[in-house]
Amino acid sequence: MKKIEKEILSVLKKFISFPTIDGNEGEMKKLLEYVKTLVPTNFIIKEYTFNNKPALVISNTDSKELDVVFCTHIDVVPHEKYELVEKGNLLYGRGTFDMKGGAVVSLLSLLNQETHKKAGIFLTSDEEVGGNCVKELLNIYHPKFGIIPDGGNNFDFIKEEKGRLLLKVSITTLSAHAAELYKGENALVILMDIYQKLLEKYPTPTSEKEWKSSICLTHLEGGTAYNQVPDYAEMILDIRRITTDFKAEFINTLKKIDKRIKIEVLASETPYLTNPEEDMVKRYLQSVKKVLKKEPTITFSNSTCDGIYFTEKGIPTVLMNPSGGFAHAPNEYVEKEALLKLYEIYTDFLKNI
């Protein structure tokens, strides 16, 4: 195990060193070029670009009909430094947990483990800004099963993730002098009132254990002068919905509150949902139990990842993160032992399917 530990740390250190943030496609391409140097000649490498975002697909077959695919991303959110810092069992650095650690383990598991199944890996560069690369790749490749090292923590099995609905709500009213506000109609106040009424129907969850849809007001803008009643205002609502709450319900509720508003859908993503009783999922969970020597916890996650595109295609998928924490924060980390356990799980699964 010491050999693979050294290999994982060496490759992860290199991965972390590339500042692969949105807009820095040059660094993303450099990282993918580095990945290509690791791939044995018996593997197939395919390069793609979608909306100027590079993606790499590595597989042990030239077929687009894959039995299993690892779905990973190399992009991260900005940070001051891009370096791996090892402190005992903890590995600190931007992307260690989300998700360069998982990407490295997925890559090395695929390259090191012989399997009679058609297997591959997606390495994409836009998950943090929408995940269009995976959406496009799933129009080219048709995997029977997906593995995504994202969502949750401590090897929890994520059964469901919320779908994201991003709405721009605007209204045009009547302006007036701020000293004679009764002669006008304040567009900002109307939108704030609409938001409060929306929360009455969809109360904000008080913790991650309260599994229900949430609505966050992330942007509110209006008015052109400090002494004028604003006659136009707009707000952005970031809605994270569970599978039993539908897109149309939120839009219809808004329209019923005030018919004058204009609603623009900026993004609409399907909630992720998988079935623990599906055959390939059960086989994967057998590998998890074998390595961890316990049944994984089946739970939910409030976040959203590229798994939604697998759900849309009806592809059985597993979301499972190793142990780590503080994704996107200055002290982001992953446990070294957890990466080794994840490698064991992946290689056992590939060996035995």
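The values are calculated or read from the model by the stated rules, or taken from the named source; none is laboratory data. Quick caveat, the model's predicted, so the values are computed rather than measured. Cβ: placed from backbone, ideal geometry, glycine included. Neighbour counts: every protein chain shown. What goes into the accessible areas is simple: the full protein's heavy atoms, side chains included, and nothing from ligands, DNA or RNA. Shrake-Rupley method; radii C 1.70, N 1.55, O 1.52, S 1.80 Å.
Would you mind checking which residues have amide H under 5 Å from residue 172's amide H? H placed 1.01 Å from N; only 5 or more apart, or other chain.
Hits under the 5 Å cutoff: none.
Please list 3J(HN,Hα) in residue order for the stretch 24-41, calculated via the Karplus relation 6.51 cos²θ - 1.76 cosθ + 1.60 where θ = phi - 60°; whole Hz, with x for glycine and proline.
Using θ = phi - 60°, the values come out as 10, 5, x, 5, 5, 5, 5, 5, 5, 5, 4, 4, 4, 6, 8, 8, x, 5 Hz.
Given N residues in the stretch 1-105, what is its alpha carbon radius of gyration divided by 2.2 N^0.38 Å? The partial results should precede the final answer.
Values: Rg = 14.4 Å, N = 105, 2.2 N^0.38 = 12.9 Å.
Normalised by 2.2 N^0.38 Å, the Cα Rg of the stretch 1-105 equals 1.12.
Tell me, how many Å apart are the Cα centres for the stretch 32-87 and for the stretch 259-301?
23 Å
Could you grab the relative contact order for the chain? Cα pairs under 8 Å, six or more apart, rounded to a whole percent. If you can, show how the numbers build up before the last one.
Working: 743 pairs, mean separation 81.1, N = 353.
Taking the mean separation of contacting Cα pairs over the length of the chain, I get 23 percent.
If the chain between residue 259 and residue 211 were fully stretched, how many nm would it gain, using 0.36 nm times the residue separation less the Cα-Cα distance? Don't jump to the answer; show the numbers that get you there.
Numbers: separation 48, 0.36 × 48 = 17.28 nm, distance 3.01 nm.
Length gained, residue 259 through residue 211: 14.3 nm.
Set the Förster distance to 45 Å, then compute FRET efficiency between residue 172 and residue 24 from the Cβ-Cβ distance, nearest 0.05. All intermediate terms of the calculation are to be shown ahead of the outcome.
On the way: r = 39 Å, r/R0 = 0.87.
For R0 = 45 Å, the calculated efficiency reads 0.70.
What number comes out for accessible area per residue over the chain if the probe is 1.4 Å? Units Å², please.
Details: 16370 Å² over 353 residues.
On a per-residue basis, the chain sits at 46 Å².
Accessible area, 1.4 Å probe, largest first: how do 241, 260 sort?
Values: 241 25, 260 120 Å².
Sorted by accessible area, descending: 260, 241.
Taking the simple approach of a point 7 Å from Cα along Cα-to-Cβ for both residue 117 and residue 279, what is their distance in nm?
Spacing of the two 7 Å Cα→Cβ label points: 1.1 nm.
So who's got an amide H within less than 5 Å of the one on residue 228, skipping anything under 5 residues away but keeping other chains? H placed 1.01 Å off N, in plane.
178
I'd like to compare 162-175, 196-209, 26-39: which one has the highest average count of other Cβ atoms within 10 Å, and what's the full order after that? Write out the running numbers ahead of the final one.
Working: 162-175: 18.8, 196-209: 11.7, 26-39: 16.4.
My ranking of the peptides, most packed first, is 162-175, 26-39, 196-209.
Could you order the peptides 312-322, 261-271 from most to least packed, using the average number of other C-beta atoms within 10 Å per residue?
Numbers: 312-322: 20.5, 261-271: 15.0.
For the peptides 312-322, 261-271, the packing ranking is 312-322, 261-271.
Apply 1/(1 + (r/R0)^6) to the Cβ-Cβ distance of residue 337 and residue 286, taking R0 = 25 Å, and write down the FRET efficiency to the nearest 0.05. Intermediate results must be reported in sequence, preceding the final value.
Working: r = 21 Å, r/R0 = 0.84.
Efficiency for this residue pair is about 0.75.
Quick one: with all protein chains in place, what share of the accessible area of the chain is carbon or sulfur, to the nearest percent (1.4 Å probe)? It would help to have the intermediate numbers written out before the result.
Numbers: 8120 of 16370 Å².
C and S fraction of accessible area: 50 percent.
Which order do peptides 125-132, 70-77 fall in by mean Cβ count within 10 Å, highest first?
Values: 125-132: 20.5, 70-77: 25.5.
Those peptides, ordered most packed to least, come out 70-77, 125-132.
In whole Hz, with x marking every Gly and Pro, tabulate ³J(HN,Hα) for the stretch 42-57 from phi via Karplus 6.51 cos²θ - 1.76 cosθ + 1.60, θ = phi - 60°.
7, 9, 9, 10, 10, 10, 9, 9, 10, 6, 6, 9, x, 8, 10, 10
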